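Since every read-out is calculated from the coordinates, none of them should be taken as a lab result. Everything numeric in this text was worked out from a predicted model, so none of it was measured. Cβ sites come from the backbone with ideal geometry, for glycine too, and all protein chains shown count toward neighbours.
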Amino acid sequence: MAKAPYQPPVQSKLGQTFDTLFLLVLVMASLFVPLYLGLAGGGKTTLELKDQTWAGMGQNATMQAQWEKLGYTQGAKTDANPTSAADLISARFDYTFEPLELVLTALVVIGYFFIVFHWSKKEYREVIDERFNNK
């Protein structure tokens, strides 16, 4: 007696649309909620530059030439204006983090993958059992 080929359950178009929109909302929330709660985007710090010359800002001749190519000049190419680039040169991103928050984030991600693997294993076994009748 030949068995019929396995036919997985069919999800309706409404169900597929809901799942897609729900996942889109979850992705957008996971990206923007940390920003709204102030948990991400540490911001920038600004160095105080006493000497706003190219040398005083730690820029050598090659760097100065590149700034000039970007348009940070005053008049002719040889008359560069370092003060116009000072805001960009002195701005630094803040890369500090809290070790406890890093560990907590790692635990959440690892926990998530353990849950996903557990559910996947359970569903996989159900499909195998359904298809092969515990053989």
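Structure data summary
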quantity	calculated
Extension reserve of the PHE117-LEU88 stretch, reckoned as 0.36 nm per residue once the Cα distance is removed	5.8 nm
In range of the label at VAL109: residues from the stretch 24-52 whose backbone nitrogen is under 20 Å from the point 7 Å along Cα→Cβ	26-43
Using a Förster distance of 41 Å, the FRET efficiency for THR45-ILE128 (Cβ separation, nearest 0.05)	0.15
Within the chain, helix-based [θ] at 222 nm, where runs of 4 or more DSSP H residues each add -39,500 (n - 2.57), nearest 500	-19000 deg cm²/dmol
Nearest-0.05 FRET efficiency for GLU98 and VAL27, computed from C-beta distance (R0 25 Å)	0.50
Segment LYS69-LEU37, extension gain: residue separation times 0.36 nm, minus the distance between their alpha carbons	7.5 nm
Listed residue (PHE18, THR45, LEU104) projecting farthest to the positive dipole end of the chain, Cβ model	PHE18
Fewest-first sequence of TRP67, TRP119 by Cβ atoms within 10 Å of each Cβ	TRP119, TRP67
